[in-house]
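The values are calculated or read from the model by the stated rules, or taken from the named source; none is laboratory data. The structure displayed is predicted, hence computed values, not measured ones. Every residue, glycine among them, receives a Cβ derived from its backbone with ideal geometry; neighbour counts consider all protein chains shown.
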Amino acid sequence: MLTTYIIGCIALIIKPGPDLMCTLATAISDGKARASTLMAGLILGCWLWIWLLSAGVASFFMGHPAVMTAIQLVGVAYIGYLAFGSFREAWAGFRQQGENALTPANAVGWRLVGRGVFMAMSNPLTILFFLAFLPNFTQKHSTFAPAVQVLLLGTLFCALVPFIYFPIILAADFFRSRLLGSAKATAILKLVSAFILAAVALVLLTQVKFQ
């Protein structure tokens with residue numbers, strides 16, 4: 001059963017979703033350091049949802065759909081804000097003249113981690129997924145309580161994420177490095193990032209169920 005669970009996790013992690021697409025956009029725009037830091041925040045946010053689920057808090061969200069809708073709208077607005085910022089930076093880059101080589105971006109620490117946590121926590125679809133997925137792999141006769149099993153299974157899910165995300169981050173950063181060297185190239189990368197983020201925001205908005 002554990003093998004089946006791991007295969008299912010990998011399939012779900014690979015599936016393009018908001019977290020993966022935002023990480024990809026960051027890698028293309030700002031490089032692997034920032035994208036990896038954002039990924040750490042996304043994983044932490046996902047793990048916090050798992051703690052809420054194992055503690056039984058998820059039942060509150062299931063019983064208050066309006067709260068979930070509000071949280072989801074905040075997440076959509078935030079990603080839209082990030083897209084707008086990338087569009088603005090792209091526009092500024094297109095207006096620049098001459099050479100303006102991109103330098104490797106430095107990880108910005110807790111601020112970028114916080115962004116990842118906020119993005120993950122503002123997506124109630126994450127906890128809905130865990131509600132539907134994790135209980136199928138808990139065992140009735142296990143020596144661990146169901147809540148502990150959910151926590152362990154969810155932690156395993158989070159541990160698998162870097163093995164999928166990091167190769168994608170490296171590939172995006174490699175592509176980014178091929179386009180370094182001018183203000184126009186910088187602007188193109190920012191524009192690609194902006195379009196990805198805008199697409200994520202639009203997809204999430206279509207999934208909002210207004211109560």
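Within the option set Leu44, Leu73, Leu53, Leu82, being surrounded by fewer than 16 Cβ atoms within 10 Å (Cβ to Cβ), aliphatic (A, V, I, L, M) and at pLDDT 80 or above holds for one residue only, Leu73. Of the numbered conditions (1) more than 30 Å from His64 (Cβ to Cβ); (2) of a type outside the set (Gly, Ala, Ser); (3) at pLDDT below 80, Phe166 satisfies every one except a single condition; which is it? In the conditions (1) more than 30 Å from His64 (Cβ to Cβ); (2) of a type outside the set (Gly, Ala, Ser); (3) at pLDDT below 80, Phe166 misses (3) alone. Counting only residues that are in contact (Cβ under 8 Å) with a residue 60 or more places away in the chain, over 10 Å from the mean Cα position of the chain (by Cα) and assigned to a helix (DSSP H, G or I), segment 11-34 holds 12 of them. With respect to the stated conditions, Gly8 is loosely packed, with under 15 Cβ neighbours inside 10 Å, in a helix (DSSP H, G or I) and not aromatic (Phe, Trp, Tyr).
Annotation note: of Phe195, Phe144, Phe130, the sole residue that is assigned to a loop (DSSP other than H, G, I, E, B) and over 15 Å from the mean Cα position of the chain (by Cα) is Phe144.
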